[in-house]
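To keep things clear, I will list the structure first and then write my remarks on it.
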Amino acid sequence: MALSGMLYWAIGIAAIQAVYCQGNFIKVECDPENQGVYSQQAVLNCKVVSIKKDFQIIKMIWCKVEADKCVGKTMLTFENGKWSAEDARFSSGALEWNEKELSVSLLVQKTQVSDQGSYRFMISTDIGYEKGNTSLRVTAPYSVPVISSVPGINIEDSMPVTLTCNASGGYPPGQIHWFDQLSNRTNSSALSTIPTQDGRFNLSSVFITTVSSSLALYKCVVVNDKMDKQRAEYQLAIGPGKQEGTKNVKAITAVFVVVGVLAFGILILYIHRRRSRGQCEKSVEDEEDGKALNNS
């Protein structure tokens, strides 16, 4: 029985040593990946787990790593009870203690595409040193797409028309799909992906089609790597341009004006004739009344 107990105790000690690196009584656990959105705040999370409830922090460091080394002005250091940063966009969230765990976080303000990558958190305490790795993945939504056509007016059946769909400011590079009222027409389009100075992309897709009055509605859909979608619709104006339509509206308006004037003239004539007839009848009555008075 005693031998069995000693065996379990030995296994337990071996497990603790494996987990805490042979006498290092802390370990660091970080979220594998953290999501950030361009120009917004991003948060990277780690926690320090200890088998000892109270331990003293000597130093903590956050930094971005490449080839296993800290790079750029991304280093955030905690020493002598305070944080110091090389870049003001990087700061620490509040340290949160929970029993034998310490939660730490790196805050990245106004996240840029260049902030994407691997990060490391390192901690040195009175009971050991440990580090953990995490990563930041940055995305930027594309603007609502805008469609234009050449030509834009006086479009007729069987005429070739060039449609262009533009979307800007997205990351990572996306795709633009085209649809008419029947099918996906993306294979008939040409996409240009244009990088910007801040690391984002502008998209422009050109689609040439032959106009048909039965297929005048087109859609372009911007899709990013998460399959989030922004879409726009475009109705080809087939037929005479706006000037023709304006002339027709004026002609119809003129007809209504002429008819209105005629109706108004007829009404005035009718009222005038009624008044004239009433005055004549009154004159006859007055004359007859006068004769009656004279005879009496």
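The values are calculated or read from the model by the stated rules, or taken from the named source; none is laboratory data. The structure displayed is predicted, hence computed values, not measured ones. Don't worry about glycine lacking a Cβ; one is built from the backbone with ideal geometry, like all the others, and counts go over all protein chains shown. These area figures cover heavy atoms from the full protein model, side chains too; ligands, DNA and RNA do not enter into them. Shrake-Rupley method; radii C 1.70, N 1.55, O 1.52, S 1.80 Å.
Can you send over the solvent-accessible area of LEU203, 1.4 Å probe, protein chains only, in Å² to the nearest 10?
Only protein atoms counted, so the area is about 0 Å².
Once a ≥ b ≥ c are taken as the square roots of the eigenvalues of the Cα gyration tensor of region 94-133, is the result rounded (a/c under 1.5), prolate (a/b larger than b/c) or oblate (a/b not larger than b/c)?
oblate
Of the cross-linked pairs LYS100/LYS226; LYS69/LYS226; LYS47/LYS226; LYS110/LYS226; LYS52/LYS110, which ones have a Cα-Cα span greater than 26 Å in the structure shown?
Check vs 26 Å cut-off fails for LYS100/LYS226; LYS69/LYS226; LYS47/LYS226; LYS52/LYS110.
When a/c reaches 1.5 or more, the comparison of a/b and b/c decides; with that in mind, is region 146-187 rounded, prolate or oblate per its Cα gyration tensor?
oblate
Just name one of ASN45, TRP62, GLY81: the one whose Cα is farthest towards the positive end of the charge dipole of region 29-84 (beta-carbon charges, Lys/Arg +1, Asp/Glu -1).
GLY81
In region 112-225, carbon and sulfur make up what percent of the accessible area (probe 1.4 Å)?
Heavy-atom surface of region 112-225 belonging to carbon and sulfur, 1.4 Å probe: 52 percent.
To the nearest 0.05, how large is the calculated FRET efficiency for ALA232 and THR196 if R₀ is 30 Å and r is the Cβ-Cβ distance?
Given R0 = 30 Å and the Cβ-Cβ separation, E is 0.90.
Residue by residue through region 147-155, what is 3J(HN,Hα) from phi via Karplus (6.51 cos²θ - 1.76 cosθ + 1.60, θ = phi - 60°)? Round to whole Hz and write x for glycine and proline.
10, 9, 10, 10, x, x, 9, 6, 8
Mind grabbing the accessible area of LYS53 for me, 1.4 Å probe, Å², rounded to tens?
110
Using a 1.4 Å probe and counting only protein heavy atoms, arrange ARG231, ARG200 so the residue with the most accessible area comes first.
Reading off the accessible areas and sorting them downward yields ARG231, ARG200.
Can you pull the accessible area of GLU96 for me, 1.4 Å probe, Å² to the nearest 10?
110
Place a +1 charge on the Cβ of each Lys and Arg in region 78-196 and a -1 charge on the Cβ of each Asp and Glu, then give the dipole magnitude about the Cα centre in debye, rounded to the nearest 20.
It comes to approximately 120 debye.
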